[in-house]
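Quick notes on the structure that follows.
The values are calculated or read from the model by the stated rules, or taken from the named source; none is laboratory data. Small disclaimer: the values here were computed from a predicted structure and weren't measured. Reconstructed Cβ throughout: ideal geometry from the backbone, glycine too, with neighbour counts over all protein chains shown. SASA here: full protein model, heavy atoms, side chains in, ligands and nucleic acids out. Shrake-Rupley method; radii C 1.70, N 1.55, O 1.52, S 1.80 Å.
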Amino acid sequence: METISAIRGFKDILPAEAGQWLFVEEQARRVFHAFGFRDIRIPILEKTELFARGIGESTDIVEKEMYTFTDRGDESLTLRPEATASILRAYIEHALYATDPVARLYTIGPMFRRERPQKGRYRQFYQIDAEILGLDDPRVDAELILMLTHFLKAVGLTNPHVEINSLGCPVCRPGFRSAVVAHLQGREEELCGDCRRRIDTNPLRVFDCKIESCRAAVEHAPRLADFLCDACRVHFGTVQESLGLFCVPFSINDRMVRGLDYYTRTTFEVTTDVLGAQNAVVGGGRYDGLVQQLGGPDIPGIGFAIGFERLVSLMPRVAEDFRRTPALFIAALGAEAQKIAFELANRLRLNNVEVEMDYAGKSLKSQMKRADKLGCRYALIIGDREIAEKSGVFRDLRNSTQTPVGLDLASITGKMEALQRGVEDLV
RNA sequence: GUGGGUGUAGCUCAAUUGGUUAGAGUGCCGGGUUGUGGCCCCGGAGGUUGAGGGUUCAAUUCCCUUCACUCACCCCA
C-alpha cells in the first residue's frame, strides 16, 4: 500500500514537541485569565466576505494569500488567516455587547495562509490571539501590552522589546494619507511596481517596503506624528505614560504602519534581541472602527496576535526540557507477576500516577532498559520471589538504590512520596 | 507566483572516472549477567537508492519528466 503523507505546508506537532506547546498555552491561559480574559472558540472556516471586509480588500492577505475555495453550495469560504475578524463576527452575531459593555476574549489555534511554505512558515500556523472590546481608554492599550510582555517573560523570552506607534483616527489620518500620497506622486519613478499601485490602494504600506529606492523615497515623507489630532495625541501620550508606570521598555517607531487596513491609533509589535528588529513575534493594535465596519455597533477594540511557532523558536528552554517522563515503571517477571503488575499499574493511574509497564513478557534487563529510556524515576520489580514474600523490589533509578515495598497502592505511593521528599525509608 | 539546492535504513549521512552482495553512526530488537537500566562489547532486523522513462553490457551515479522536501525572493495577520 502506498503511504499517505500530510499535504504540502502542513505539519505534525509530535509528542516530543507538544510538551513545549502545552507549556506555552498554559502560561498564556494563566496570565490572560488574571487579566480578565476569557476563552472563546471560533470556527476555522468563515465566509470569504468576512475577511475581505474585516482585513481590507487591498491587503496582500486578501489579494493573494488566503486559503479560499468554493464549497458545494457555490459559496466562497476561507480558512481563517487571522482570528480578529472571526472573534468580532461572533461578538456581533451573539450581541455580546448587550450582556456586558466590555469583553476580553482570547483564543489559541491554527490559522491558514496559501503561500509557498518555507522555514518556519507553514500553511497551517498557530496564533495566540487576544482582543479587548468596548474600551477606548488608552490605559487599556498599555494594559494589554503589559499583559503581553508579562506573558512573554513567563515563557522565558529574555528581552521582549515593544515598538509602538499611533496611526491616528478617521479625523486625522486622511490628512496624513493625502500628504503621503502627494509626496509619493512626485516620486513615482523611484518606486517599485507594488508601491506605485499602493499609492492608490494603500499608500501607507509604502513605508513597509524593503526596496532601497522606495525607502529613500519615503525618507523625507511627512511624519504621522505631525498630523495627529489633539485627541489622538493625548491618547498616545497616556499609552506611553501608562507603560512607563510598569517599566515596560518600549520605543516609538513612527514608520510602523502594519499590514492591515483596520488599525487606528495605537499599533505595536514585539521583537526580541534574538532575531534582530526585523522579525516581530507579536503584532497588534487598536481598531476602533472595525466592529461597525462589520455591521455591529460603534464599539472600539484592540488586540494582538502572537506567532506561536516563532515564539517557541525563541524560547531559551527547548522541547527536550518539557519531556514528560513516567514516574514509575513496573517490571514484571512471569505470568503471575504480570497479572499483579497490570492491576497495580492501572490502579495507580486511576490515582493520577504516571505508570508504564511491559506487556510482552520481556526479560528484566530489557524492561529496565526501557524504564531508563523513558526517563522513569522509579521501578517496581515483581517476580516469583516477590510474590512469595508479598513484597516488591522498589528501585530508585537515579540513585541506583532499592528497598522492599508492599505490593499495594498505599505502600507504593507512600514510598514514592517519601523518596521524593528525600526521606530514607526505615523498612 | 519566481529562482536555487536536495531526495540512499526510523533519523543523520557515505558509496572512487558509471562496475557486480548499497555501507557507517545513531535508534530499534536480542545477547554478554538463571532476576536489574545508564558505560562497554557482540549479534540481528531494517532499503523497490522518491516515482516513471531514457542512454548503457552495467545506473545510487549520466539525461528527461514528475512528485516531494528545503532555502531564498514576494509577503508577513
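Would you mention how many residues in segment A:386-405 are more than 7 Å from RNA strand B (Cβ to nearest atom) and closer than 11 Å to A:Ala327 by Cα?
Residues meeting the conditions: 1.
Please go through (1) surrounded by fewer than 22 Cβ atoms within 10 Å (Cβ to Cβ); (2) farther than 30 Å from A:Asp200 by Cβ for A:Phe151 and return the number of the only condition it doesn't satisfy.
Status for A:Phe151: all satisfied but (1).
Within segment A:405-427, identify whether any single residue is touching a residue at least 12 places away in the same chain (Cβ under 8 Å) and at positive phi, and answer yes or no.
For segment A:405-427, residues touching a residue at least 12 places away in the same chain (Cβ under 8 Å) and at positive phi: absent.
For segment A:386-427, which residues satisfy the criterion of being within 19 Å of A:Arg349 (Cβ to Cβ), surrounded by 19 or more Cβ atoms within 10 Å (Cβ to Cβ) and of a type in the set (A, V, I, L, M)?
A:Val405, A:Leu407, A:Ile412, A:Met416 - these are the residues of segment A:386-427 that are within 19 Å of A:Arg349 (Cβ to Cβ), surrounded by 19 or more Cβ atoms within 10 Å (Cβ to Cβ) and of a type in the set (A, V, I, L, M).
With A:Glu82, A:Glu93, A:Glu75, A:Glu115 as the choices, which residue is surrounded by 13 or more Cβ atoms within 10 Å (Cβ to Cβ), at pLDDT 85 or above and either at negative phi or aromatic (Phe, Trp, Tyr) (or both)?
A:Glu82
Pick from A:Gly186, A:Gly175: which is away from RNA strand B (no atom under 12 Å from the Cβ), touching a Phe, Trp or Tyr at 6+ places or on another chain (Cβ under 7 Å), open to solvent by 30 Å² or more (accessible area, probe 1.4 Å) and over 15 Å from A:Thr267 (Cα atoms)?
Checking each option against the conditions leaves just A:Gly175.
Inspect all residues belonging to segment A:140-155 and state whether any of them is on the phi < 0 side of the Ramachandran plot, touching a Ser or Thr at 6+ places or on another chain (Cβ under 6 Å) and more than 16 Å from RNA strand B (Cβ to nearest atom).
yes
Of everything in segment A:196-250, what is of a type in the set (S, T, N, Q), open to solvent by less than 40 Å² (accessible area, probe 1.4 Å) and more than 19 Å from A:Asp137 (Cα to Cα)? Give them in sequence order.
Correct list: A:Asn202 only.
State which residue is surrounded by the most Cβ atoms within 10 Å (Cβ to Cβ) when the search covers only segment A:372-385 and only residues that are more than 6 Å from RNA strand B (Cβ to nearest atom) and under 18 Å from A:Val405 (Cα atoms).
Among them, the one singled out is A:Leu380.
Within segment A:293-335, take every residue that is of a type in the set (Val, Ile, Thr), modelled with pLDDT of 90 or more and in a loop (DSSP other than H, G, I, E, B) and give me the one that is nearest to RNA strand B (Cβ to nearest atom).
Here the answer is A:Thr325.
I'd like to check something: does segment A:375-383 contain any residue that is assigned to a helix (DSSP H, G or I), at negative phi and more than 29 Å from the chain's Cα centre (by Cα)?
No, every residue in segment A:375-383 fails to be assigned to a helix (DSSP H, G or I), at negative phi and more than 29 Å from the chain's Cα centre (by Cα).
One residue is enough: does segment A:95-104 have a residue meeting the conditions away from RNA strand B (no atom under 14 Å from the Cβ) and part of a strand (DSSP E or B)?
yes
What is the number of the single condition among (1) open to solvent by 70 Å² or more (accessible area, probe 1.4 Å); (2) within 9 Å of RNA strand B (Cβ to nearest atom) that A:Asn352 does not meet?
So the condition that A:Asn352 fails would be (2).
Quick one: how many residues across segment A:1-42 are touching a Lys or Arg at 6+ places or on another chain (Cβ under 9 Å), at pLDDT 95 or above and not in a helix (DSSP H, G or I)?
Number satisfying all stated conditions: 6.
Could you name every one of the helices (runs of 4 or more DSSP H) located completely within segment A:173-292 that has at least 3 residues being modelled with pLDDT under 90 and farther than 25 Å from A:Arg53 by Cα?
A:173-185, A:212-217
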